[in-house]
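Participant: Quick one: this structure, given as structure tokens, is what I'll be asking you about.
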Amino acid sequence: MSRKPKQTGEIANDHGPGPAATGERIPLVDADVFLFRSFLNGDDANALFHRLRHEIAWKTETIRLFGRQIAMPRLVAWYGDRPYTYSGLTMPTADWPSCLVSIRKHVTERTAQPFNGVLLNLYRDGRDSMSWHADDEPELGHDPVIASLSLGTTRRFVFRRNDDKSTKVSMDLPHGSLLVMAGPTQHHWQHAVPKTAKPVGERINLTFRTLHG
């Protein structure tokens, strides 16, 4: 079944340090997920998209999936104070470029989280996608806080329950919006950005995270 988010409220701190701000609460059981639809205004979002599109060192990376190496269906980049490993791919430590410094500060202030890494994804058109996964790597800690900023074309974002894959919650993530996943979310839910046959433009997504150890 599919449901639409309607409820608003405050981000909870029931599961350790978490975002301390108001937003639209997404109705997921066993999860703390909030959407800030207008985190950046249009002019700021446009300017940031332009800088990231032209200043980030975008790459095509290969990951291990179902026992074989495949090229990611999107371009990616990693900047962080520590290396980050997922899907058999290790991204090395990389200095933060100037185009990311101020937005990291803005996201950190809104969520009250000490983010020390960001994974960027560039979706070039509707054929680029993100498969089902959870952000549950050990270096992210037990109940990680993931702050996901969307820029450019609006794309559909879908959650599905681990123990009942027919239970799904979908939403559109517009230009300048911030989605925050906290608490036990990654234990009970996976998420994805599915392909679309619609003629859509480019989208850049920044997922801020805190690495430990």
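The values are calculated or read from the model by the stated rules, or taken from the named source; none is laboratory data. Keep in mind it's a predicted model, so treat the numbers as computed, not measured. Note that we place each Cβ from the backbone using ideal geometry, even for glycine, and neighbour counts take in every protein chain shown.
Participant: From ALA77, ALA20, ALA47, ALA12, grab the single residue that is surrounded by fewer than 15 Cβ atoms within 10 Å (Cβ to Cβ) and at pLDDT 75 or above.
Facilitator: Criteria check complete, one pass: ALA47.
Participant: Just for segment 198-213: of the residues that are on the phi < 0 side of the Ramachandran plot and not in a strand (DSSP E or B), which one is surrounded by the fewest Cβ atoms within 10 Å (Cβ to Cβ)?
Facilitator: PRO199
Participant: Next up: Which numbered condition trips up ALA31, out of (1) out of contact with any helix residue (DSSP H, G or I) (no Cβ under 8 Å at 6 or more places or on another chain); (2) of a type in the set (Gly, Ala, Ser); (3) in contact (Cβ under 8 Å) with a residue 24 or more places away in the chain?
Facilitator: (1)
Participant: For ARG110, work out the one condition from (1) closer than 21 Å to ASN162 by Cα; (2) outside any loop (DSSP other than H, G, I, E, B); (3) not hydrophobic (A, V, I, L, M, F, W, C) it doesn't fulfil.
Facilitator: That leaves (1) as the condition not met.
Participant: With respect to LEU40, determine if the residue is closer than 24 Å to PHE159 by Cβ, assigned to a loop (DSSP other than H, G, I, E, B), over 16 Å from the mean Cα position of the chain (by Cα) and modelled with pLDDT of 95 or more.
Facilitator: No: the conditions fail for LEU40.
Participant: Considering segment 172-197 alone, what residues qualify as being under 23 Å from LEU140 (Cβ atoms) and part of a strand (DSSP E or B)?
Facilitator: LEU173, SER177, LEU178, LEU179, VAL180, MET181, ALA182, TRP189, GLN190, HIS191, ALA192, VAL193
Participant: Go through segment 131-156 and give me each residue that's farther than 16 Å from PHE208 by Cβ, in a strand (DSSP E or B) and either in contact with a His (Cβ under 9 Å, 6 or more places away or on another chain) or without any contact (Cβ under 8 Å) to a residue 40 or more places away in the chain (or both).
Facilitator: TRP132, HIS133, GLY152
Yes or no, residue by residue, for (1) part of a helix (DSSP H, G or I); (2) surrounded by fewer than 16 Cβ atoms within 10 Å (Cβ to Cβ); (3) among the hydrophobic types (A, V, I, L, M, F, W, C); (4) touching a His at 6+ places or on another chain (Cβ under 9 Å):
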| residue | (1), (2), (3), (4) |
| --- | --- |
| THR85 | no, yes, no, no |
| THR90 | no, yes, no, no |
| TRP96 | no, yes, yes, no |
| VAL101 | yes, yes, yes, no |
| LYS105 | yes, yes, no, no |
| LEU120 | no, no, yes, no |
